[in-house]
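Structure first, then comments.
Where a number appears in this text, it was derived from the coordinates with a stated rule and is not lab data. Only a predicted model underlies this, so the values are computations on that prediction, with no experimental measurement involved. Glycine also receives a Cβ, built like all others from the backbone with ideal geometry; neighbour counts cover every protein chain displayed.
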Amino acid sequence: MLDALKKEITYIKGVGPKRAELYAKLGIRDAFDLLCHFPRDYIDYSSWVPIKDAPADAPCCVKAKLVKKLAPAFIRKGLTVYKALLTDGEDDLTLIIYNAEYQFRSLSDGKEYILSGRVTGNLVRREISSPLILPADSPDLIQPVYRLTEGLSQNMIRQNIHTVLDSIGGDIFEPLPPEIMHRYSLCSLDYALENIHFPRDSHALSLAKRRLVFDELLTLRLGMTLLRLKGLKATGCRMDPRDISDYYSSLPFELTSCQRRAIEDCCGDMCRTFPMNRLVQGDVGSGKTAVAAGAACFAVRNGYQTALMAPTEILAAQHYETLSGFLEPLGIKVALLTGSLTPKKKSALKEQVKNGEYQVVVGTHALVQQTTEFHRLGLVITDEQHRFGVGQRDGLAAKGENPHKLVMSATPIPRTLAMMIYGDLDLSVLDELPKGRKPVKTYAVTGKLRERAFGFVRDRLDEGRQAYIVCPMIEENDQELQSVKEYAQRLETNDFRGYRVGLLHGRMSAADKEKVMRRFKDHELDLLVSTTVVEVGVDVPNAAVMLIENADRFGLSQLHQLRGRVGRGSFESSCILVTDNPTEESVKRLKILSSTPDGFKVSEEDLKLRGPGDFFGSRQHGLPALKIADMSSDTELLRLAQSAADSITSSDPELTRPEHAGLRELAERLFEDNKE
């Protein structure tokens, strides 16, 4: 990269130490960061309208000549109002500026200006207050609008960026090889940086944005590949092919073709020199645990132990039950290690794990404690990757000799996006539901139909089925918890009097949650009122209906996860989404969920509606923050960048060739502040 771009922001002409501190708040440390502080919007002064056509009190641009400046009016101490009269030859306009004497003085009688703001008043007298003003003969009629922090103005940023671009003089480094630029019809980087900040016209802006979005997505993909290569150390757990056909034949159901393929992928990976690093991604109920059990069976047949780490005790207990059912008939012993065991039981169990008496160990974060040792750990499985910090995952892996890693995720993500997000993992997608699973019928209703919906739930309970009613808690505070408790009590004494009603919420201890879920599973409860902790609850095949209150307060993907708690048995199941806030947006979102049972389609729509920031929560997947690309709308460029990255890394995986030096530097720079 050019040395000029590495210059610290303090030493750029016109910046200095004080302004550099302000830039630091925006994450801008050097000239390159400044050039990558892309505009969040633009004001197009070339699209002006005559004064008479200016919409009432709506943003617009008008073009007019300054006729006369009026004398300043001193309203009170600290407030001076400056006015001027302008005309476009047909209509007049009064310009009003508050306290900005310097700006007012810079305006000249007889000169034409374009003003951006809101025109108010009536047909007789029109005025515009505190507009942005640009001389009509300015060469830059499309002006950038930047994200600011207090103390920095739009003009300051524009001037500083101009200074950097002038100092480079069009001689910026070009990280892309010529054949990539030609193949994907991309403009040069210097043209892109010039026109993203100071576009000549809308076409130039479009070309610039296309190039910079492509670069960012390509760099992200290459960075993920480099991260992966850094983690490639030979495994001490290389396995040999083993026959696990008895695992398949012992199951009480037939695996889908994608489940078998995923197990074969895992077994193949574990026979390589380098450790497996695979993500099994599937919709709710697609049978990921059966895949994990198949991989564990293969590891055991090779003489290795498997550890499965789940984010909660409820989920760990569910995995323990499922894996025990799958593996113990084959003579494979499974243990459950959680924080709620008594010290005596925990100590005894850890000793048995250390001696190799248990071949599969399921647990929570108790698995990564220093006192937990394994006899011969060869496979580490984590459920829902984003719920664990990288330290916990690595801590578990450190208990073996660079063991194989398998990650299970029930969050369906569009495939192209998943390959970008989990670029350091191989991907197996479970996109078929197991045979016999019926899709959950989903209905969206307003609060007016709540009583009717309760009647529908009672009918299912009278048939011997069970039901969930889910309430959102935005914050786990006392006030919201109290309202959930009161709601559950109201249901028990009114609409569901005579039925056995239980309550489950996040403030309960793990033991109490476990107790309630156990009672529900054993059908000691008919109806479970719950906050979203039920999202990762125990399978209850007899639960055939879920009613979700205030469904508009959830994301689509979360609603889809919740409805996956029903429909796990042989009965027809339903999910009723109730909203007391039927806005146009919430109706549109809930209709999407009602129209498809496919979690991948739901996730695509969720991504479009919410954007990746909200979709993934607080950057839970460890991705660097993107500055210009939008993974929900730039899908075509995402596909092209993926293709370009694959063609580059197929011949030069570590980007060591001279023509890839710039790309390597950009990739390392993108990840340097994002060590995870």
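Where a Cα-Cα gap under 18 Å defines reach, which aspartates and glutamates qualify for Lys591, not counting those fewer than 8 residues away within the same chain?
Answer for Lys591, where 18 Å is the Cα cut-off: Glu549, Asp552, Asp580, Glu604, Glu605, Asp606, listed by chain and number.
Which one of Pro597, Ser574, Ala661 is farthest out on the positive end of the charge dipole of the chain, using unit charges on Cβ (Lys, Arg +1; Asp, Glu -1) and the Cα centre as origin?
After comparing all options, I get Ser574.
Which of rounded, prolate or oblate describes the range 441-596 when judged by the alpha-carbon gyration tensor and an a/c cut-off of 1.5?
Values: a/c = 1.39, a/b = 1.18, b/c = 1.18.
Rounded, because the longest to shortest axis ratio a/c is under 1.5.
Could you sort 137-143, 218-224 so that the peptide with the highest average Cβ count within 10 Å comes first and the rest follow in order?
On the way: 137-143: 14.4, 218-224: 25.0.
Most protected by this proxy first, the peptides run 218-224, 137-143.
Kindly work out what percent of the DSSP beta bridges joining two residues of the chain are antiparallel, to the nearest 5.
If we restrict to bridges inside the chain, about 40 percent are antiparallel.
What residue among Ala296, Leu189, Leu337 has its Cα farthest toward the positive end of the dipole of the chain, where the charges are +1 on Lys, Arg and -1 on Asp, Glu, each on the Cβ?
Result: Leu337, furthest along the dipole toward the positive end.
Which of the chymotrypsin sites (Phe, Trp or Tyr not before Pro) found in the range 485-536 are loop residues per DSSP with 15 or fewer other Cβ atoms within 10 Å of their Cβ? Please report the intermediate quantities before stating the final value.
Values: sites: Tyr487, Phe496, Tyr499, Phe520; in loops: Phe496, Tyr499.
Sites meeting the loop and neighbour criteria: none at all.
Cα gyration tensor of the range 1-145, axes a ≥ b ≥ c as square roots of the eigenvalues: rounded (a/c below 1.5), prolate (a/b > b/c) or oblate?
Working: a/c = 2.62, a/b = 1.86, b/c = 1.41.
In terms of gyration-tensor shape, prolate.
Return the subset of Lys6/Lys209; Lys435/Lys513; Lys344/Lys399; Lys354/Lys405; Lys333/Lys435; Lys230/Lys399 for which the Cα-Cα distance in this structure is over 25 Å, preserving the input order.
Beyond 25 Å: Lys435/Lys513; Lys333/Lys435.
Mind counting lysine pairs for me in the range 46-137? Cα separation below 29 Å, and the two need to be 8 or more apart along the chain or on different chains.
For the range 46-137, qualifying lysine pairs total 17.
Shape call for the range 244-332 from the C-alpha gyration tensor, a ≥ b ≥ c root eigenvalues: rounded (a/c under 1.5), prolate (a/b greater than b/c) or oblate?
Details: a/c = 1.21, a/b = 1.16, b/c = 1.05.
Rounded, because the longest to shortest axis ratio a/c is under 1.5.
Pick the calculated Cα Rg over 2.2 N^0.38 Å for this structure from (1) 0.95; (2) 1.37; (3) 1.18?
After the calculation, the listed value that fits is (3).
For the residue pair Ala511 and Glu8, what label-to-label distance in nm results when each label sits 7 Å from Cα along the Cα-to-beta-carbon direction?
5.7
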